[in-house]
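A.B. asks: Got a structure here, written out as structure tokens. Questions coming.
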Amino acid sequence: MSSEQLNLFPLSAQITPAGELTIAGHSLVELADQYRTPLYLYDGQTIRHQLDTLTGLLERHYPSPSMVAYASKAYFSYAFACKLAELGAGADVVSLGEIHLARQAGFPAEVIHLHGNNKSEEELLAALEWGIQAIVVDSLDELALLEELARRAGRRARIWLRITPDLNVSTHPHITTSHRASKFGLHVENGDAENGIRQALASSWFHLTGLHMHLGSQIFDAEPYRQALRRMFAAAEAAGYIPQEISPGGGWGVRYTEHDPDDSAEPWIKAVSQTVVEECQRRGWPLPKLVVEPGRWLAARSGVALYRVGAQKTTPDGIRVVAIDGGLADNPRVALYQASYTARVVQRAADEPSRRMRIVGKFCESGDVLIPEIWLPPVHRGDLLAVPASGAYQLSMSSNYNYAARPAVLWLEPGRVEVMQCCDRPDQPGWWVYRPEEAR
Ligand code: LLP
């Protein structure tokens, strides 16, 4: 297999002369033996590269200050948050848990913004108390609640308004957020966006610093970003507001298989930068700070899921079914979005694919199919399968269905392995079992 065909894997992935897949020079066979499977690996080099690429693109295309804020819902843990904070990224958080994790990990308050269509009072108060860059208000209802909380706390709230441009984007219906029926944001078409801006400007308890939008996820077309930004600027102008900060959200797509389109972020960053510049120039407004908030684009490619092959069978209709020791619990994306994945046999990564098979998980659900059809070299019990592009929305959406242990998560650098999360094991102390008699 040529190294070109590893282009879905982290940048440090290589195939040894013996035909074994490695990441950052580490033997995946040894890591799997030591940390058990399923096992999730994050490649430090790839994360840094993705972040540097976006920062570089912003510097090239946007002539004013800008920032990359990681959408932490893609994957967050204390150790991972510490890494991103160290790298100088900002973060978009959506819950009390993410607020606390970001704070403990050392992110400065000025680079954090809080999302959510139904933030609790506790979440809003925690954000107010921390003094974050912006609470992103999602509705007129929330605007009223936050005003009341800010008044009671005696603290002026720095806010953005999330504007919903009411347009469709081409992606899976479960991950579009900007259409007319979306539960997210202040819609443009019914006047909520304009009213929200006016109300926020009229209250002394708010410092309205910017506007935000997020169209959806796994998007490869930059045109909807242009249209949506134009609508957002039109709403701002109608309400007599000049934003100091603008966020076009995240959502740029990544490649999961060889069939996915090129995922260079340049068309995206270029389109949002150009449109913001054009819209401001047309109105004679100063350029705002531009804040992009990718999750998947930063995290997906650096992550690899490692599974061990177990039972195999051939069904009466001739399908070779190969079961692995993970699946639906650590990666619900296939069941939820019909997501496509590919895989390599770690021990024989250079071998030509010669067998057609279906990779299924071990969970008690017929929908627990990781890859409905794939050609691989012959696989045997004990072989390892490495699934690329596993760094986003897998672990963060995982469950412990069937009382599955959550996988260990490692951060890999050449010559160094850091455990970011350890595998909880049912046979060891610390395994989460609630015993009411102990709680009394
Ligand atoms: N900003 C906001 C306000 C968001 O809601 C999201 C994702 C992002 C940024 C980051 O989007 P990204 O760049 O990662 O596409 N679980 C689904 C994806 C849900 C995305 C939710 N919001 C999946 O596995 O495909």
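The values are calculated or read from the model by the stated rules, or taken from the named source; none is laboratory data. All figures in this text were calculated on a predicted structure; none of them were measured in a lab. Glycine also receives a Cβ, built like all others from the backbone with ideal geometry; neighbour counts cover every protein chain displayed. When the accessible area is computed, the model is the full protein with side chains, heavy atoms only, and any ligands, DNA or RNA have been set aside. Shrake-Rupley method; radii C 1.70, N 1.55, O 1.52, S 1.80 Å.
A.B. asks: Accessible area per residue, 1.4 Å probe, Å², for the chain: what's the number?
C.D. replies: Working: 18610 Å² over 440 residues.
On a per-residue basis, 42 Å².
A.B. asks: For region 91-114 and region 261-323, write down the distance between their C-alpha centroids in whole Å.
C.D. replies: Taking the Cα centre of region 261-323 as reference, the centre of region 91-114 is 22 Å away.
A.B. asks: Through the Karplus equation 6.51 cos²θ - 1.76 cosθ + 1.60, θ set to phi - 60°, convert the phi angles of region 45-62 into ³J(HN,Hα) values in whole Hz; use x for Gly and Pro.
C.D. replies: 4, 5, 4, 4, 4, 5, 5, 4, 4, 5, 4, x, 5, 5, 4, 6, 9, 10
A.B. asks: Another one. Tell me, how many Å apart are the Cα centres for region 354-390 and for region 197-216?
C.D. replies: Comparing the Cα centres of region 354-390 and region 197-216, I get a distance of 47 Å.
A.B. asks: Taking 8 Å as the Cα distance limit and 6 or more residues as the minimum spacing, I'd like the relative contact order of the chain as a percentage. Provide the component values of the computation, followed by the final result.
C.D. replies: Values: 969 pairs, mean separation 88.8, N = 440.
Averaging sequence separation for qualifying contacts and normalising by length gives 20 percent for the chain.
A.B. asks: For region 352-410, with all protein chains present and a 1.4 Å probe, just round the carbon and sulfur fraction of the accessible area to a whole percent.
C.D. replies: On the way: 1320 of 2690 Å².
Looking at region 352-410 in its full context, I get 49 percent from C and S.
A.B. asks: Return the Cα extents of the chain along principal axes one, two and three, sorted largest first, each rounded to a whole Å.
C.D. replies: Each principal axis gives a Cα extent; for the chain these are 67, 58, 45 Å.
A.B. asks: Do any of LYS119/LYS270; LYS83/LYS270; LYS183/LYS362; LYS73/LYS289; LYS183/LYS289; LYS73/LYS313 go past 29 Å between their Cα atoms, and which? Spell out each step's value before the answer.
C.D. replies: Working: LYS119/LYS270 32 Å; LYS83/LYS270 27 Å; LYS183/LYS362 34 Å; LYS73/LYS289 23 Å; LYS183/LYS289 27 Å; LYS73/LYS313 37 Å.
Listed pairs above 29 Å: LYS119/LYS270; LYS183/LYS362; LYS73/LYS313.
A.B. asks: State, as an integer percentage, the relative contact order of region 156-236 based on alpha-carbon contacts under 8 Å between residues 6 or more apart. Numbers along the way, then the final one.
C.D. replies: On the way: 138 pairs, mean separation 33.0, N = 81.
It comes to 41 percent, rounded to a whole number.
A.B. asks: So, with a 1.4 angstrom probe, what is the percent of accessible area on region 180-241 that is carbon and sulfur? Write out the running numbers ahead of the final one.
C.D. replies: Details: 1140 of 2490 Å².
So the carbon and sulfur contribution to the accessible surface is 46 percent.
A.B. asks: For region 1-129, with all protein chains present and a 1.4 Å probe, just round the carbon and sulfur fraction of the accessible area to a whole percent.
C.D. replies: Details: 2490 of 5240 Å².
Carbon-and-sulfur percentage of accessible area, whole number: 47.
A.B. asks: Please name whichever of CYS423, MET67, GLN50 sits farthest to the positive end of the charge dipole of the chain, dipole taken about the Cα centre and charges placed at Cβ: Lys and Arg +1, Asp and Glu -1.
C.D. replies: It is CYS423.
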